[in-house]
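As structure tokens, the structure follows; a few thoughts come after it.
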Amino acid sequence: MEQSTQLQSTALLVLDVQDLIIKMMKNASLILEPLTSAIKTARANNIPVIYVLIKFREGYPEVSPNNKTFMFYKNSTTIHFDTEEGSKIHEAVAPQPGDIVIEKKRTSAFTGGDLEVVLRAKGINHLVLTGLITSGVVLSTVREAADKDYRLSVLSDCCADIDEEVHRVLTTKIFPRQTEVMTSGEWVDSFGHVE
């Protein structure tokens with residue numbers, strides 16, 4: 001009964017796993033296989049899969065000149081988060097009917113979108129985080145979610161960073177202060193066998 005209640009209040013968040021971001025990172029494609037397994041397990045256990053992605057209006061009217069990160073994207077000639085194609089989630093982990101897709105305008109999954117409204121409506125209080133980039137959306141979301149009193153888990157092999165040492169330090173030294181860090185295999189195994 002207790003595990004059933006915990007599952008009902010859990011959601012798997014897939015953060016910024018977009019084609020453009022995967023192409024920017026040499027090691028990002030390594031998360032696709034474990035992430036596919038985690039998504040499959042979530043769906044098999046009726047855990048909502050919530051995709052959060054970076055998406056701007058054409059011309060980036062939401063980006064302040066003071067925002068160094070997003071001004072880089074706005075000024076880029078190759079990165080276009082203001083188009084449907086540029087904001088596309090990687091096909092290997094693409095949403096299926098019943099999954100929720102949230103567009104955001106800043107680094108944290110909570111900023112510039114309606115994630116918190118969806119979580120509240122579904123009674124979610126445990127977030128299982130995956131995504132790109134560990135030092136970007138994952139770190140920002142961990143910090144904000146912890147401050148909002150969510151129970152947190154991070155699937156370390158379902159996250160990647162441009163700097164592998166930064167990923168290692170975050171997942172082994174920083175995140176454990178506020179989250180439970182585990183691999184996708186450990187998370188999947190906690191449910192028993194899934195066909």
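What follows draws every value from the coordinates through simple rules; no lab data is involved. Just so it is clear, the structure is predicted and the values come from calculations on it, not from any experiment. Backbone-built Cβ (ideal geometry, glycine too); neighbour counts: all protein chains shown.
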### Query
All other residues with a Cβ under 15 Å from the Cβ of residue 128 taken together, and with Lys, Arg as +1 and Asp, Glu as -1, what is their net charge?
-1
### Task
Counting only DSSP beta bridges with both residues in the chain, tell me the antiparallel percent, nearest 5.
5 percent
### Backbone HN-Hα couplings from phi across segment 133-141 [Karplus 6.51/-1.76/1.60, Hz, Gly and Pro as x]
10, 4, 7, x, 4, 5, 4, 4, 6
### Task
Would you calculate a helix-derived [θ] at 222 nm for the chain, using -39,500 (n - 2.57) for each DSSP H run of n ≥ 4 and dividing by the full residue count, to the nearest 500?
-8500 deg cm²/dmol
### Message
If amide hydrogens are placed 1.01 Å from N in the peptide plane, which non-local residues have theirs closer than 5 Å to the one on residue 47?
### Response
none
### Task
Can you tell me the relative contact order of the chain? Whole percent, Cα pairs under 8 Å, sequence separation 6 or more.
27 percent
### Task
Let me know the Kirkwood hydrodynamic radius for segment 2-189, please, with Cα pairs as the basis and the value in Å to one decimal.
16.6 Å
### Query
Between residue 101 and residues 5 or more places away or on another chain, which pairs have amide H atoms under 5 Å apart, with H built 1.01 Å from N, and which residues are they?
51
### Task
Anything over 31 Å Cα to Cα? Flag those among 40/74; 88/122; 74/173; 68/148; 55/122; 26/122, in the order listed.
40/74; 74/173; 26/122
### Query
What net charge do the residues around residue 167 carry, taking every other residue with its C-beta under 14 Å from that of residue 167, with Lys and Arg at +1 and Asp and Glu at -1?
-2
### Query
Which distance in nm do the two modelled labels at residue 23 and residue 190 give, with both placed 7 Å along the Cα-to-Cβ direction?
3.6 nm
#### Entry: Paramagnetic reach from residue 78 in segment 12-33 [backbone N under 14 Å; point 7 Å along Cα→Cβ]
20-26
### Calculated FRET efficiency for the pair residue 57/residue 92, C-beta based, R₀ 35 Å, to 0.05
0.80
